[in-house]
Amino acid sequence: MSSPAIAASPATESRAAAETLLKPLQFTGKMYRRMSILLLAVIGWGMFCFLYQAFVGLGVTGLRRPVFWGFFVTDFVFWIGISHAGTLISAILRLTNATWRFAVTRAAEAITVFALMIGGLFPIVHLGRPWLFFWLAPYPNERLIWPNFRSPLEWDFFAISTYITASTIYLFLPLIPDLALARDRARGWRQKLYRSLSMNWQGTQTQWHKLELAIQLMAAVVIGVAVSVHTIVSWDFAMAVVPSWHSTIFGPYFVAGAIFSGIAALIIIMAILRRVYHLEAYLTPKHFSNLGKLLLTMTLLWGYFVTNELITTWYGNLPDEMSTFWSKISGHYAPLFWTMVICNFLIPFPILALKRLRTITGTVIASITIIIGMWLERFLIVVPGAANQRLSFNSWFGYYPHWTEISITLATLSAMALLYMGFSKLFPLISIWELGGGKHAAAPETGGTQ
Amino acid sequence: MSQPKVKSAHTPRWGMIIDLNACTGCSACMVACRAENNIAITGPKEAAYNGTIQWMRIERTWKGRGRDIRVENRPVNCQQCYDAPCEPVCPVLATYTNDEGVSVQVYNRCVGTRYCGLNCPYQGRFFNWFDYAWAPTMEVQLNPDVTRRTRGIMEKCSFCIQRITAAERQAELEKRPVRETDIQPACAQSCPAQALHFGDLNNPDGVLGTVWNAPGLEVLLPEVGTRPKVRYARRVRPLRAPLAESTGNSIASAPEVKA
Amino acid sequence: MIEVSLRLPLRQKAGEGTPELPALVEHLRQEGIDGERIQVLSREPLAEFPAAPSRMSKIGILGAMFGFSAAIGSLVAMTLGYKLNTGGMPLISPFPIGVITYEMTLLGSFIAMLLTLFLAAKLGPGRRAPEHPELDYGEAIVSVACGNAEQARQARQLLAGYDSTQS
C-alpha cells in the first residue's frame, strides 16, 4: 500500500476562522475595560436599589393594590421572552438543517442562558421577602412542608430551572470542540480553564459522532422545553381570574411574542459583535436578511395575535374586560399602547418587508423598535389588567414606576451586556468547528456560511 | 400539620350575612376591625396612593342619576370563599381554608409574591408595603392576641380567628361544643345597626343556618364562581320614583357615576 | 501507556473525502492491532467514518420515563405529606401535576442523553487524555495506544509506511 495522495491545499479557511475567532480571547482593549466599569457601576446601583427595597419594603416601588405586579413581572416576562432567541431558534435551524445557521447559533444560545439567568432573578426581586426565596423550592425540611404544586409560580420554578439546565447544556455541548481548540492554543490560567472545561476532548471519531447525535437529539427535546416555558409563564396570567388575563390565547401569544423579541435581540447582538470584533466575514448581510425574514413573519404573527386579543374583547363587550380595553385604547395607558403598535408593527413591517430596506442597518433599527415595543407589550398585559379588576371602585388607580424599579430594570440590561462581554472574552463567539463542518464531508452543498 | 381539632359534635363552618338594608355606612366596622386586628395606619400620603389597609371596607356605589340618585353602602371584607381563587396560586401554601371554613393567611409562611392579591376578585387582600410604625400612644392599644405584620407579607380578614380560637378553647375547657353565639368578629360586634351577622353554617337551626338559602340573599360577583361564605341581604326599597335602570344584583353591573 | 501517532493531511476538495484514512485504519487492524486502541483524531467530524448505531435516543426515552415517574411519584408523595386543600382544588390535581411532570420528563431525557454522551465519548472532568495541540484543521491524527514497548515498536513500524514527510 502506498502512502496516501495528499492534496496540497490545507483547510486555510478554518484556520483563518480559528485565528479571527480566538483573537478576542487574547486581548482586551481600553474601550472594553471602560465599558465594563460603566456597566458594573449601573449594576451596582441596581443592587443597591434592590437592597434598599428589601430593607425598606416594596413600598418604594410604585406598586399598590390592586396593581400588585408591575415592572418586575414585566421584566421577568420580557427576559424570559428574550431567552427564546437562542435555544429555540438555534434548535429549529439545526433541525431544519439551515446551513446559514453556523455563524448564528452560538451567539443565540448564549443570549438564552444569560437572559434566563437575569429573568430568573426577577421572581426573587419582586418578592415581598426576597430572603425567603428558597421556600419556593421543594427541599426537605424539618417541618416537612412542601411548596404548593398547584401554583403557576411553582410551575415557573420547574419550567425555568429545566430550561436553564437544558439551554446551558445545549450551549455547552457545541462549545466543547472549540474549547479543546482554545486549550491547545492558549497558555497560563486560560489553558487550565479550557482544559477543565473541554472535558478531555480529543476529537476522536466516536466523540464527534456522539456529540453530533447528542446535539441533534437535544435540539428536538429543547424545542419542547422552550415552548412550554413561555406557555407556563403566560399561565401565570392566564390561570388567574383577572378579567383581561384569563384568556386561552395567552400561551401561543406569549410564545410568538417571545420568539419575536428573541430574534430582535439576536440581530442587535450580532450587529454589535460584527462591529466590535470585526466578524464581517462571518456575519454577513445575508444572515441579517435571513433573520429579518424570520422577524417579518413574527411581526405579522404578532399583529395577528394582538388583533385576536383585542377584537374578541371588543366584540364580547363584557364590562369587566372592556374597562381594561378602553384603558389601553384611549385611557391611562393609551400612549404606551399606541407606541407599542408603532414600534412593533408600523416601523418594522415596511423595513422588513422591502428587500431594499432589509439591510443590516434596517434590521437593526427594526429590532431596536421591536425590543422597545415588546417590553411595552408585556407591560400592557401585566399592568392594565391588574389595574382594572372586576369591582369597579378599585379601578381608579394609575400605576407609575418609581426610581427603584427603573434602576433595577436598567441594571439588568447592563448585566446582560456585561455577561455577554465576559462571554465574548472567554469563548469563541462563532462555532469554529461547525463553520468548517461539512466542507470536508461528502455532501458538497452543505458547506460554509455563504 | 392539621389544625388543632376541637372536640365538638360537628365541625363548624363560619359564615356571615351582611344586611344591606340595615347598613348605614357609618364605618364603625372598619374602625373596630383596625383596632382588633392591629391593622397598620399607613397615613395620608399612602392613602392618596391606594396604600391603605382595610380588611373591612365600605364600598359606596351610586345608582341612578339626578334626583333619583341613591347611594348603596356595601361593607366588603374577605368573602371567605369555598373555592377561593387566592389559595391555589400561592406557591408556598401560605393561605388555605382551615377545617372550619375560614380562609386563613399564614404570615410566617408568606414570602410576598402577591399573586393571591391579584387573584382575589374582591381585592380583599392587602400587602404590607412597609414596616408600618405605630404612634407611641397607639402602640399600647395593640391587641396582644394578634401579631403585627412585618413588611413584605399579605394580610386579610380572618373572621377574627383569634376570637374564634378563644371561644373554642373556652368550650373545650368547659367540655361543651362551641356555640356560635359565643363568637362575634369585631366588625359585627361594633355595628350599631346590627347589619353584620356571624354564625355557623353547619348549624341548621342557628343564626345563619335558618336563613342562609333565603331568596333575598346574594353573593358578590356570583359569576366568578367563588362560592363565598359571606352573603348580602339585598337592599329592599319602597316603591318611589322609578330608577332609570334595573338595579343589578352585583356591584359590577351597577353603573358607576363619575364624581 | 505509550501513544504512537501519525499526523496526516486530509484532502480538501469538497465532496472528495480521504478514502486512504479508513484504509489505513483497516490495515492496522489487519496487522493485529485491536480496533479499540486505534483512534482517528480531527478538528472536524470526518465523513469517512460513518457513525455506529447508537442507543442514545433510546436511553433518552428511558430517561424521560424515569423523569416522568419520578416527578409523579415525588409530587404525589410530597402533596400527601402535607395535606392542605386549597381553593376547592383536589389535593392531587391532575393539571398542575401534569405541567410539572412534563418539564421533569424532558429534563430526565436531557440528563440521560448528556450522561450517555459523556460515557460513550469518554468525556468528563478529571481524567487526562493525551492532547495533540499540533493538530490543525485539514488534518487528522491516527493514534495507537500501546501497552508495552513491543506493541509500540510494531505500531511505529506500521505507521512509518504512511508518513509522507519521511519517505
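General remarks:
- The share of accessible area on chain A that comes from carbon and sulfur is 71 percent, using a 1.4 angstrom probe.
- Residues in chain A average 37 Å² of solvent-accessible surface per residue, probe 1.4 Å, ligands and nucleic acids excluded.
- Seen against the Cα atoms of chain A and their longest principal axis, helix A:205-238 is set at about 10 degrees.
- Per-residue ellipticity at 222 nm from helix content only, as computed over chain B with -39500 (n - 2.57) for each DSSP H run of at least four residues, stands at -4000 deg cm²/dmol.
- Computed from Cα positions, the angle between helix C:149-160 and the longest principal axis of chain C comes to roughly 70 degrees.
- The residues of chain B expose on average 45 square angstrom of accessible surface per residue, using a 1.4 Å probe on protein heavy atoms.
- Residue by residue along A:412-425, Cβ atoms of other protein chains within 10 Å of the local Cβ number 0 on average.
- In degrees, nearest ten, helix A:403-426 long axis to first principal axis of chain A (Cα): 10 degrees
- Relative contact order (%) - chain A, alpha-carbon pairs under 8 angstrom, separation at least six: 30 percent
- Charge dipole magnitude, Cβ of K and R +1, D and E -1 - the protein assembly as shown, Cα centre, debye nearest 20: 1440 debye
- Positive end of the dipole of segment B:14-253 (Cβ unit charges, origin at the Cα centre): among B:M154, B:Y107, B:G25, the Cα lying farthest that way belongs to B:G25.
- Contact surface A-C: accessible area buried, both sides summed, square angstrom, 1.4 angstrom probe: 6500 Å²
- With a 10 Å cut-off around each Cβ of A:52-59, the average count of Cβ atoms from other chains is 5.
- Total accessible area lost when B and C pair, probe 1.4 Å, Å² to nearest 100: 700 Å²
- Protein accessible surface hidden between A and B, which excludes ligands and nucleic acids, total in Å², probe 1.4 Å: 4400 Å²
- For chain B: rounded, prolate or oblate by the Cα gyration tensor [a/c cutoff 1.5]: oblate
- Separation in nanometres of the label points that stand 7 Å from Cα toward Cβ, at A:N141 and B:A135: 3.9 nm
- Over all other residues within a Cβ to Cβ distance under 12 Å of A:D156, the charged ones net out to -3, with Lys and Arg as +1 and Asp and Glu as -1.
- FRET E, pair A:V276, A:V56, Förster distance 45 Å, beta-carbon r, rounded to 0.05: 0.70
- Listed peptides C:44-54, B:134-144 by packing density, highest first (mean Cβ within 10 Å): C:44-54, B:134-144
- Mean separation of Cα contacts under 8 Å, 6 or more apart, over the residue count of segment B:14-253: relative contact order %: 29 percent
- Taking a sphere under 13 Å around the Cβ of A:W314 and counting the other residues whose Cβ falls inside, with K and R at +1 and D and E at -1, yields a net charge of -1.
- Charge-dipole axis of chain C as Lys and Arg at +1 and Asp and Glu at -1 on Cβ define it, positive-most pick from C:Y162, C:P50, C:A77: C:A77
- Heavy atoms of the protein chains alone define the surface here; on that basis chain C has 50 Å² accessible area per residue at 1.4 Å probe size.
- Exposed loop sites were defined as GluC sites (Glu not before Pro) in DSSP loop states (anything but H, G, I, E or B) carrying at most 10 other C-beta atoms within 10 Å; in chain A the longest segment without such a site runs A:143-444.
- Net charge contributed by nearby residues that have their C-beta within less than 11 Å of B:R231 (K/R +1, D/E -1): +1
- Modelled label positions at A:Q26 and B:L173, each set 7 Å beyond Cα in the direction of Cβ, lie 8.6 nm from each other.
- Ranked by the mean number of other Cβ atoms within 10 Å of their residues, highest first, the peptides C:79-89, A:340-350, B:224-234 fall in the order B:224-234, A:340-350, C:79-89.
- Rg and Dmax of the protein assembly as shown, based on Cα coordinates, read 33.3, 119 Å.
- A crude spin-label estimate for the pair B:N21 and A:F172, with each label 7 Å from Cα along the Cβ direction, gives 7.2 nm.
- Charges were assigned to the Cβ only: +1 to each Lys and Arg, -1 to each Asp and Glu. The resulting dipole of segment B:14-253 about its Cα centre is roughly 800 debye.
- The mean number of partner chain beta-carbon atoms within 10 angstrom of a residue's beta-carbon across peptide C:56-63 is 2.
- Within the accessible surface of segment B:14-253, defined with a 1.4 Å probe on protein heavy atoms only, the carbon and sulfur portion equals 54 percent.
- A Gaussian network model of chain A, with springs between Cα atoms under 10 Å, assigns the largest mean-square fluctuation among A:V242, A:V56, A:V225 to A:V56.
- Cα gyration tensor shape of segment A:215-283, rounded if a/c is under 1.5, else prolate or oblate by comparing a/b with b/c: oblate
The values are calculated or read from the model by the stated rules, or taken from the named source; none is laboratory data. The shown structure was predicted, so the numbers you read here are calculated from the model rather than taken from an experiment. FYI the Cβ positions are ideal-geometry reconstructions off the backbone, even for glycines, and counts take in every protein chain you see. Each accessible area value is taken on the protein alone, full model and side chains, heavy atoms only, with ligands, DNA and RNA left out. Shrake-Rupley method; radii C 1.70, N 1.55, O 1.52, S 1.80 Å.
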